[in-house]
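Trainee: Sharing a structure with you now.
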Amino acid sequence: MALSRRAFLTLLAGTSLFAPSALAAGTDETFALAGTVYPGRGAPLPGHAVLVRQGRIEDVVPIREVNDRPVFATGNGSILPGVINAHCHNLHTADERRARWLEHGVTAIGDAASPLKFLTALQDSPAGQTATASACGPMLCPPGGYPLPIHSPDHALAVASTGQGSDAVKRLADLGVRRIKIAFEPGTLPKPWPVFDPTVARAICDTAHRLGLGVRCHVEDLSGLEPALDAGVDYIEHVPYRWHDRGTIRPVIDPDNAPVPHYRKLLERMTRDRVIMTPTLDVFTRTPWNGPSLFAPVRAFHAMGGRIALGNDFPYRRTDAGMPVQEMKLLAKAGLDESAVIEAATSTAAEVCGFTNRGRIAPGMAADLLAVRGYPTPDALQDPVHIVKDGVFIR
């Protein structure tokens with residue numbers, strides 16, 4: 001089917017040439033979404049179309065080359081990968097993930113630690129029907145360490161030796177987790193919570209890496225960042241915004257609102273080693289700690305070339321399900337431009353979650369796609385024209 005000049009102009013004017021409802025029955029359909037394509041990594045491609053066949057992305061080509069399938073477009077619109085919320089909790093069933101995430105344009109989530117009893121539900125992700133979930137299972141911690149002081153015992157697996165740490169990783173790997181989660185968190189109380197012995201943390205990371213699993217690490221206090229990096233973690237969850245240093249409270253930023261030298265050196269190390277940060281700014285701006293100590297480190301890390309992923313830590317502090325618009329706006333406040341926010345919410349978030357076939361628009365990737373009017377700003381993303389999951393039109 002070659003596009004006539006009239007049909008092509010209609011496409012650019014903003015009227016879909018075909019009704020997507022005709023393609024909603026399964027993942028074996030062939031179609032194209034057209035507009036300015038934001039691949040999730042790299043420069044946008046104006047006037048291009050994403051070709052979809054049997055639930056996967058077949059190619060990205062100039063619109064004029066599409067002559068064999070239905071084309072959907074919104075005038076001056078944008079096509080981008082489905083948004084991924086890399087850090088959330090407490091949404092386990094396929095129905096919950098569809099209603100509260102997928103139908104709003106979030107095509108995948110990263111559950112950043114949940115009890116073992118929810119693992120089966122998180123792994124229930126039928127193609128084209130719900131937001132795909134990545135799971136860590138319970139967080140590994142030293143006896144009495146975070147998250148045990150503030151969460152139920154089933155949120156953690158306590159390990160006291162290198163052997164127990166390695167065995168716990170192997171057990172979780174056998175159960176199908178995509179990532180391992182640990183913490184270096186002393187808390188804010190006068191008596192600090194236990195943190196990992198360095199050899200135990202290193203054994204956990206080494207075992208995870210041998211099994212092909214990345215390690216996510218909860219770090220809110222700057223005192224935990226260096227030992228986490230020394231252990232070999234791959235992803236820092238949250239942005240360290242306070243510093244309890246051997247009984248002394250120290251500032252994390254200087255009078256010019258820049259990270260103090262020790263912090264900056266660690267951020268440079270993260271940048272060099274390609275360690276990704278998921279700042280979860282939304283949850284912390286709802287606390288008394290809201291302020292420059294949250295934004296200055298993210299701004300500095302981004303300016304260094306550090307890699308940032310999007311996650312809002314739902315449902316804590318009444319953060320919202322659905323499109324994480326507030327987190328996007330806060331990342332912009334921290335210095336990320338439009339393209340960087342999209343990358344944080346797609347390809348980088350996918351890497352944090354362990355998704356190898358989602359988060360980018362490229363041949364062979366799952367067809368998780370959004371079409372929005374105009375530029376893909378946070379406000380535009382709140383109301384996508386089309387939501388496609390595994391090649392199925394959700395909207």
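Trainee: As an exercise, identify the trypsin sites (Lys or Arg not before Pro) in the range 235-339 lying in DSSP coil whose Cβ has no more than 16 other Cβ atoms within 10 Å.
Mentor: 246, 274, 286
Trainee: Using +1 at the Cβ of each Lys and Arg and -1 at the Cβ of each Asp and Glu in the chain, identify which of 180, 115, 387 lies farthest towards the dipole's positive end.
Mentor: 387
Trainee: Something else now. Can you spot the lysines whose alpha carbon is less than 29 Å from residue 389's alpha carbon? Ignore those fewer than 8 places along the same chain.
Mentor: Result set, ordered by chain and number: 117, 181, 329.
Trainee: I need the semi-axes of the equivalent ellipsoid of the chain: take the C-alpha gyration tensor, multiply each eigenvalue by 5, square-root it, list largest first in whole angstrom.
Mentor: 39, 23, 17
Trainee: Turning to a different aspect of this structure: Using only Cα atoms, locate the centre of the range 318-371 and the centre of the range 128-194, then give the distance between them in Å, rounded to an integer.
Mentor: Computed from Cα coordinates, the inter-centre distance equals 25 Å.
Trainee: If you average the alpha carbon positions of the range 36-86 and of the range 272-310, how far apart do those two centres end up, in angstrom?
Mentor: Spelled out, the Cα-based centre of one part sits 30 Å from the other.
Trainee: Using the Cα centre as the reference, give the magnitude of the dipole from point charges on the C-beta atoms of the chain (Lys, Arg: +1; Asp, Glu: -1; all else neutral), rounded to the nearest 20 debye.
Mentor: 240 debye
Trainee: With unit charges on the beta carbons (Lys and Arg positive, Asp and Glu negative) and the dipole taken about the Cα centre of the range 326-395, which residue among 365, 331, 349 sits farthest to the positive side?
Mentor: In the range 326-395, that residue is 365.
Trainee: Another question, if that's okay. Report the full-extension gain for the segment residue 256 to residue 189: residue separation times 0.36 nm, less the Cα-Cα distance, to one decimal in nm.
Mentor: Extra length available between residue 256 and residue 189 comes to 21.3 nm.
Trainee: Using r as the Cβ-Cβ distance of residue 98 and residue 357, and R0 as 25 Å, what FRET efficiency do you calculate, to the nearest 0.05?
Mentor: In this case the efficiency is close to 0.80.
Trainee: Another question, then. Under the 0.36 nm per residue contour assumption, what length would be gained going from the current alpha-carbon distance of residue 170 and residue 242 to full extension?
Mentor: 22.6 nm
Trainee: What do you get for trypsin sites (Lys or Arg not before Pro) in the range 42-140 restricted to DSSP loop and a cutoff of at most 12 other Cβ within 10 Å of the site's Cβ?
Mentor: none
Just so you know, all these numbers are worked out from the coordinates, no wet-lab data involved. Only a predicted model underlies this, so the values are computations on that prediction, with no experimental measurement involved. Cβ sites come from the backbone with ideal geometry, for glycine too, and all protein chains shown count toward neighbours.
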